[in-house]
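Contents: one structure, followed by commentary.
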Amino acid sequence: LDLVLISPNAKPPVCKIMDYGKYRYQAEKKQKEARKKQKQIEIKEIKLSTQIAQNDINYKVKHAIEFLESGKHVRFKVFLKQRELGIPQAGMDTLHKVAAMLEDIAIAEKEPKLEGKYLNVLYVPKKKDKH
């Protein structure tokens, strides 16, 4: 048996006489159980360009809708080439077209953001009512 410090921040500190190996084993077991119950978020990424045709946008949005319905998050990335980096409005227009198509099924977490050569926006599925 060992003297184990249970809560060091309490006044006075709390100690117990117990088998330390067994205590540590049970604590690890609780942590493993907590990890099993965690929900893993999966993010799917769809790349677009500023020169993309409308039917190609429709096709990629159709796949995004399938991903969102299965509970996954979807990140749209618009790749900006050389001169487009100076004026990213063309990429924003592409993302606004996508946003209009996804407005009833998903919510954009934040406004589109320029990161390096990409404009990024992350969509998460809307919560479903349980009525």
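The values are calculated or read from the model by the stated rules, or taken from the named source; none is laboratory data. Remember, predicted model here, so these are calculated numbers, not experimental data. Note that each Cβ is placed from the backbone with ideal geometry, even for glycine, and that neighbours are counted across all protein chains shown.
For the range 36-118, which strands (runs of 3 or more DSSP E) that fit wholly inside it have 2 or more residues that are within 22 Å of K128 (Cβ to Cβ) and within 20 Å of the chain's Cα centre (by Cα)? First the steps, then the outcome.
Working: elements: 43-49, 73-79, 106-108, 113-115.
Those strands (runs of 3 or more DSSP E) span 43-49, 73-79, 106-108.
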Please go through the range 73-90 and pick out each residue that is farther than 13 Å from G116 by Cα and either crowded, with 16+ Cβ neighbours inside 10 Å or of a type in the set (G, A, S) (or both). H73, V74, R75, F76, A90
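So which of K60, K37, K22 is charged (D, E, K, R) and surrounded by 12 or more Cβ atoms within 10 Å (Cβ to Cβ)?
When all the criteria are applied, what remains is K60.
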In contact with a Ser or Thr (Cβ under 7 Å, 6 or more places away or on another chain), surrounded by 14 or more Cβ atoms within 10 Å (Cβ to Cβ) and either at pLDDT 85 or above or on the phi < 0 side of the Ramachandran plot (or both) - does that describe any residue in the range 94-108? yes
